[in-house]
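The values are calculated or read from the model by the stated rules, or taken from the named source; none is laboratory data. Just so you know, these numbers come straight off a predicted model, no measurement behind them. Every residue, glycine among them, receives a Cβ derived from its backbone with ideal geometry; neighbour counts consider all protein chains shown. SASA here: full protein model, heavy atoms, side chains in, ligands and nucleic acids out. Shrake-Rupley method; radii C 1.70, N 1.55, O 1.52, S 1.80 Å.
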Amino acid sequence: MAGLLSSMAGLTLTGSFVGAQLRVPTPTARVSAAPAFNVVAKKKWEKQELNSNGNPVRAKLHVKTNDKVVVIAGADKGKVTEVVEVFTKSGEVLCKDVNIKTKHVKPKGEGETGQIIQREFPIASSNVMHWSEAQKVRSRVGHKMEDGKKVRYLKKTGEVLAN
């Protein structure tokens, strides 16, 4: 019954009730094609974009593993460190001795005691910049061709980074 009422909700009567004609509204908006990215739930509160192959969309990052960087935002602002790991799915980087948090670990086996450990957690890649050890200055990174190879360099100093 509810389905019948909802389908009749769009109908309108014109003229007098006797011999009235029913006018069905015409759709004005077109349905667009499927979106380029599909969204799949990882957890109830997290959504992850997927490309056309069904794989996660990877973030294009300006840092690589083992790059010397300086933290430009957050509690560890100003700390010069090294990139340990890069997470392209979330756009985050794990830096040495940065964003250290205390984690309480429950005992896993019988007779084992729990632990309180301190470990590094990832930070957003936008919160780090490349660091020039020679001139002690932070810089953005650029790309140029050198001897037929594409290399990364620091824009402020011209120093070529190891790939």
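Each residue of the range 116-133 was assigned a 3J(HN,Hα) from its phi angle through the Karplus curve 6.51 cos²θ - 1.76 cosθ + 1.60 (θ = phi - 60°); the sequence is 10, 10, 10, 9, 7, 10, x, 10, 5, 5, 6, 8, 10, 10, 5, 10, 8, 5 Hz, with glycine and proline shown as x. Remark: the range 46-163 carries a charge dipole of roughly 420 debye about the Cα centre, counting +1 on each Lys and Arg Cβ and -1 on each Asp and Glu Cβ. On the beta carbon distance between residue 113 and residue 52, with R0 = 45 Å, the FRET formula returns roughly 0.35. Averaged over residues, the count of other Cβ atoms within 10 Å places the peptides 73-79, 52-58 in the sequence 73-79, 52-58, highest first. Treating r as the C-beta distance of residue 90 and residue 157 and R0 as 41 Å, the FRET efficiency rounds to 0.85. These residues, 143, 104, 130, go from largest to smallest accessible area, 1.4 Å probe, as 104, 143, 130. Whole-Hz Karplus values for the range 54-68 come out as x, 8, x, 6, 8, 7, 8, 10, 8, 10, 10, 4, 6, 6, 7 Hz, taken residue by residue from phi with 6.51 cos²θ - 1.76 cosθ + 1.60 and θ = phi - 60°; glycine and proline positions read x. For the pair residue 59 and residue 80, the difference between a 0.36 nm per residue extended length and the Cα-Cα distance amounts to 5.2 nm. A simple spin-label model places the labels of residue 135 and residue 66 2.4 nm from each other, with each point 7 Å out along Cα-to-Cβ.
Sites listed here are GluC sites (Glu not before Pro) in the range 61-149 whose DSSP assignment is loop and whose Cβ has at most 16 other Cβ atoms within 10 Å: 110, 112, 133. Between residue 147 and residue 120, the distance separating the two model label sites (each 7 Å from Cα on the Cα→Cβ line) works out to 3.0 nm. For the set 161, 154, the ranking by accessible area, highest first and with no ligand, DNA or RNA atoms included, is 161, 154 under a 1.4 Å probe.
Candidates 122, 100, 139 compared by Cα position along the dipole of the range 87-151: farthest toward the positive end lies 139, with charges placed on Cβ.
Pairs spanning more than 28 Å between alpha-carbon atoms, out of 79/101; 89/144; 60/96; 60/106; 96/155: 60/106.
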